[in-house]
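Bear in mind these aren't lab numbers, they're just calculated from the coordinates by the rules spelled out. Note that the structure is predicted; figures quoted are calculated from it, not measured. Cβ placement follows ideal geometry from the backbone for every residue including glycine, while neighbour counts extend to all protein chains displayed.
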Amino acid sequence: MAEAPGAPAHIAIIMDGNGRWATRRGLSRSEGHRAGTRTARAIVTRCRELGVRHLTLYTFSRENWSRPKDEVGLIFDLLVEYMRGELSNLLEQDIRLKVLGELDGLPFVVRQALTHVMDKTVNCRSMTLNLALNYSGREEILRACRRLVAKGAAPEAITEEAFAAELYTAGQPDPDLIIRTSGELRLSNYLLFQAAYAEFYFTETLWPDFDAAELERALADYQSRQRRFGKTGAQLQPE
Ligand code: FPP
């Protein structure tokens, strides 16, 4: 499969709408999350084929702990199932798994399944798949501050680069494109520091219905935009 020219180096997705997708079909929310997991699997593969080097999926926010216990349990069960079922595919596609978020706060079996896949894929280079899990953008920023203080960093040494090196995404480029499905127009505590110059793509499509065609529409939209990074349009014209 040919790589898309000008594909964003890093796409971050807020996978929203599993519950509504299920309710509209008279199914349980669990069925929505199951369908959402199938979509995640397909989108990972498609991004890899298109030459996207970093893909971040918002899988479980710190705020998601307030959902009913059964639903939280089901999301973790799906995650473990995904880890067990996908390892060989990730290796075959040369995809490295990373977790953004507080691993220690996750149930032992989930941690164990994630750690196993992270260890096995540590040398994979074609794409990095970040799962944001037990993640909060504000907490990530506070954590970076605490880490710098603990290191005894001098105030003048706290540059954007030094700060970024203490985030969960250390060593990875900022997201170029952030996609949110299901018509919600919020960032929901996602990659707050890293999103500074990201382009946004919002779609009414519910996550389980987000397919390769919709991904390609998002990429075409992204490629039609002029990213200015604070400069004027004229400054960006070649001399
Ligand atoms: C949002 O739908 C989705 C989530 C809270 C995250 C759960 C994501 C999955 C199960 C996909 C799993 C992905 C992997 C990689 C295993 P929602 O419940 O907020 O939908 P609603 O707003 O319609 O209720």
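What net charge do the residues around Leu236 carry, taking every other residue with its C-beta under 9 Å from that of Leu236, with Lys and Arg at +1 and Asp and Glu at -1?
Residues near Leu236 contribute +3 overall.
Which shape class applies to segment 22-104: rounded if a/c is under 1.5, otherwise prolate when a/b exceeds b/c and oblate if not, where a ≥ b ≥ c are the square roots of the Cα gyration tensor eigenvalues?
Because a/c hits 1.5 or more and a/b exceeds b/c, segment 22-104 counts as prolate.
For Cα pairs less than 8 Å apart in space and 6+ apart in sequence, what is the mean separation divided by the residue count of the chain, i.e. the relative contact order in percent?
Once divided by the residue count of the chain, the mean separation gives 27 percent.
For a paramagnetic label modelled at 7 Å from the Cα of Ala165 toward its Cβ, which residues of segment 118-149 fall within the zone defined by backbone nitrogen distances under 20 Å?
Under 20 Å, as judged by backbone N against the label point of Ala165, lie 140-149 of segment 118-149.
For the chain, modelled as a GNM with alpha-carbon contacts under 10 angstrom, which of Glu63, Glu161, Glu214 fluctuates the most?
Greatest mean-square fluctuation among the candidates belongs to Glu161.
Working out 0.36 nm times the residue gap between Glu71 and Phe200, then minus their Cα-Cα distance, what length gain in nm do you get to one decimal?
Stretched fully, the Glu71-Phe200 segment lengthens by 43.6 nm.
Placing one identical point scatterer on every Cα of segment 56-180 and ignoring solvent, what is log10 I(q)/I(0) from the Debye formula at q = 0.23 Å⁻¹?
Debye curve over Cα of segment 56-180, log10 I(q)/I(0) at q = 0.23 Å⁻¹: -1.38.
On a C-alpha basis, how far is the centre of segment 187-213 from the centre of segment 71-134 in Å? Whole number, if you could?
So the two Cα centres are separated by 21 Å.
Taking K and R as +1 and D and E as -1, what net charge do the other residues with C-beta under 12 Å from the C-beta of Leu129 add up to?
+3
By the gyration tensor of its Cα atoms, with a ≥ b ≥ c the square roots of the eigenvalues, what is the shape of segment 104-239: rounded for a/c under 1.5, prolate for a/b over b/c, or oblate?
It comes out oblate by the Cα gyration axes.
List residues of segment 31-67, by number, whose backbone nitrogen lies under 18 Å from a label position 7 Å along Cα→C-beta of Glu139.
Inside the label zone: 57-67.
Of the candidates Ala22, Ala157, Ala40, which one comes out as most mobile in a Gaussian network treatment of the chain with C-alpha springs shorter than 10 Å?
Ala157
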